[in-house]
Each structure stands twice: as structure tokens, then as C-alpha cells.
1. Roughly speaking, to the nearest percent, how much of segment 125-186's 1.4 Å accessible area is carbon and sulfur?
2. Within the set Lys111/Lys248; Lys162/Lys366; Lys149/Lys243; Lys158/Lys310; Lys111/Lys149, which residue pairs have Cα atoms separated by over 23 Å?
3. By its C-alpha gyration tensor, with a ≥ b ≥ c as the square roots of the eigenvalues, how is segment 192-375 shaped: rounded for a/c under 1.5, else prolate for a/b larger than b/c, else oblate?
4. So what is the orientation-averaged projected area of the chain, using the convex hull of its C-alpha atoms, in nm²?
5. With loop defined by DSSP as not H, G, I, E or B, and exposure as at most 16 other Cβ atoms within 10 Å, which is the longest segment of the chain clear of exposed GluC sites (Glu not before Pro)?
6. For a label point 7 angstrom out from the Cα of Asp52 toward its Cβ, which stretches of segment 1-29 have the backbone nitrogen within less than 15 Å?
7. Could you tell me the distance between the Cα centroids of segment 161-237 and segment 1-24, to the nearest Å?
8. Can you figure out the FRET efficiency of Asn81 with Ile328, using R₀ = 51 Å and their beta-carbon distance, to the nearest 0.05?
Amino acid sequence: MQKNNVILPPKTIGIIGGGQLGRMMAIAARYMGYKIAVLDPTPDCPTAQVADEQITTAYDDMDGIKKLAEISDVITYEFENVDLDAAAYIENLGKLPQGAFALEVTQNREKEKTVMQDAGLPVPYFNIVTNSKECEQALANFTFPTVIKTCSGGYDGKGQLKLEMDDDIPAACAFAEKNGTCIIEQWVPFDREISVVFTRTQSGEIEFFPIAENDHKDHILYQTTVPANISEAVQAKALDAAKILAEKMNIVGTFAIEMFVNGENIFLNEMAPRPHNSGHYTIEACNISQFGQHIRAISGLDLTPVSLLKSAAMVNILGEDVEPTLTIMPELTNGFVHLYGKDGVKPKRKMGHVTFIGSTVNEISKMVTAYEEAKQ
Ligand code: AMP
């Protein structure tokens, strides 16, 4: 087993990607006394606003990556679509404790589902297709509803199409023809969606955050509630599955696995090799956040044992919610508003989130309802 490579403050942590996840990682690292360098093409991106230095260039610009590696003692990333050559280069320098493998797997839905299946874990039935003809043939193996997704590049519901009936087949075939390699999945009639967020060190120590329950609207995460309303058996299955994958993939850092729950069964959906939107609640509701724990893992520090201090609900603030939230913010005394400093408010774009904490999920659900009514 690898030993932890300890990096102490005020050394520099480099982050590839300058969005909200990088920003919240940077804030956690700054509390601890680390310096931050970020690489992102957008000047004054959300992470740059809280960083010491920004390298303003494309994510796959090797000169920029080399510069980031020179000024950083350790490097992490805030999204999975990191250029794999860049990741391999940094890994060879010994500055990417998370490694390139988790990126390679999570960049591609075919590899992701195959790794899960090979580990003996339950996933929705799927077929891979590369064009319209294969799509039409493959759809004969499915019952409606089903969903077709691009194997790479999709996020927040982009790059996927749900099929409800025969009439939707031509659109699915056109989708496959246009997008190249796609995955067709059986739609799981789930009771709820959950995510397991955990952190693993370089030496294999693992700490789980409480399992979160997620509600999506238009395929975008809308609300996360903790604790999730699941049985102990489902909880045990979800944690076991996450542990198996973490070890098999030799994960380092904070990692998330989204799952569907159907009765007492789970089906694994997606993995993210980074802190996750459904783990934002940990900032106020746990003794350590998913970001703080991530910084500990990549810096070679032992993990803080996690405890849930309060029940929580996190609601995303999308572009259309910014103005109404700002209007009620002066009176919003029971919700913690986080705005990410993004330039350009667009509908459906994640601009921030608000977290409510309380003694019970019922109590918090009333807070969320009051927030939503006030926002109208
Ligand atoms: P994904 O980008 O794969 O996480 O999909 C976004 C959301 O679409 C999920 O969180 C689910 O709400 C829904 N979804 C995607 N695939 C399936 C599936 N096979 N069965 C049921 N719901 C799905």
C-alpha cells in the first residue's frame, strides 16, 4: 500500500478547472493555510476569485499544464474531463495523487458501466451503439422507457434523450448517428435517487459522508436531503458497493457514486472523481466538508472521522433563481446562501446553492417550502 505523501501549508495546491467545485476546494484549503493556483480559460473564474494565482489558458494547453505543475506542490481537478495526456504528465511528475485512471473511467460511460459490472455491482441493463442502425437493432432488446446517452461529454442532462414509445425511436437513431458512441440504458423505475460521497487517502483509508437523497428536475440536481430515507439494508448495500469500487479503482480524494433505489435494490448510475453537488450540504451539516476532506486526502493528511451534526437540505440556485433568492436573502436567516461568483446568469446554469439545517428532515422540509414560496 502506498504511503501518504504529505504536503503542508503554505505549499501550493494546483486546481485544474475554475468552477464552483474548485472554488469550494480552494476556500477549504485556504482555511488550512495552503496557497492556490488554478488553471482555467475564463479570466476571474469562480476559483480564481479565491486563488493566489490563475493560469488563464485552455484545459488541454500543455504549456499551461507544465506551468501549473511547476508552481504547484500537488495538483487536483474539479471535473472529470481533464485531458488524459495532461493527467498522465502530472502523474509521472508524482504530483497527481488521484492518478489518471479514475479520470479515464469516468470520462466515458461505457468504461464506467463496464468497471461497475466487472466488479459484480448492479447497473441498469445497457447496450453500446455507434450509429443509427445499431441503435435501431439494440432498441429491440429494451422495453420503454429507456434512455440513450452520449458516452462522453454529457452532464446535467445534456447529451441524453429519454424514449417513452415507438414514436421516439427515429429521434434516438438520429441522436446516435449524430453523437457517435452512445449507451442505451433500461430506465430504472426508482423510488429514490441517492449518492454515496466518500474520501480515500493515498494509503487506502476511507471515510464516508452520510448517504444523500437527491431530487432532480429536468435531469439537473434540484435538491439533496440528508439523511436519506432508506432502509439499513439499502444503506449497507450502497456503502459496500462504494467500498468495492473505491478499492478496485484505487480512488484517492473525494469521490461520488449516484445510485437508484428500487425497493431494497440498488442500481449504480454514475461516478464523479471529485467532490459532488450532492455533497455540498457537508459544509454546514458535517464536522468536515467534502472539500476539506478532499484537501486532506490529496495533501497526504489522515482523514477526519465524519459525523453528521444536523439534518440538512441543499437546494441549487439556478440562473432563474438568482434574482428571487437575492430579493429574499435579507430575511433568509435559516438558510446558508452560497453564490459562486459566476459571470453570466443563464437559465438552468448552476449559480449557487442554499443549505438549510435542522433537527429533523420534516422541520427542514418546511424551511425549503417557505423558501420556495417566498421566491415565487
Ligand atoms: P445521468 O446524467 O446519467 O446522471 O442522468 C441524469 C438523471 O437522469 C439521473 O439522475 C436520473 O434522474 C435520470 N436517469 C438517467 N439514467 C436513468 C436510468 N437508466 N433510469 C432512470 N433514471 C435515469
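1. 51
2. From the list (Lys111/Lys248; Lys162/Lys366; Lys149/Lys243; Lys158/Lys310; Lys111/Lys149), the Cα-Cα distance tops 23 Å for Lys162/Lys366; Lys149/Lys243; Lys158/Lys310.
3. Prolate.
4. 18.5
5. For GluC sites (Glu not before Pro) (loop position, at most 16 other Cβ atoms within 10 Å), the longest site-free span of the chain is 1-163.
6. 7-15, 26-29
7. Centre-to-centre distance over Cα atoms comes out at 27 Å.
8. Once rounded, the FRET efficiency stands at 0.90.
The values are calculated or read from the model by the stated rules, or taken from the named source; none is laboratory data. Just so we're clear, the structure is a prediction, and the values are computed from it rather than from any experiment. Counting neighbours? That spans all protein chains shown, and the Cβs are built from the backbone with ideal geometry, glycine included. The accessibility values were calculated without ligands, DNA or RNA, using every heavy atom of the protein model including side chains. Shrake-Rupley method; radii C 1.70, N 1.55, O 1.52, S 1.80 Å.
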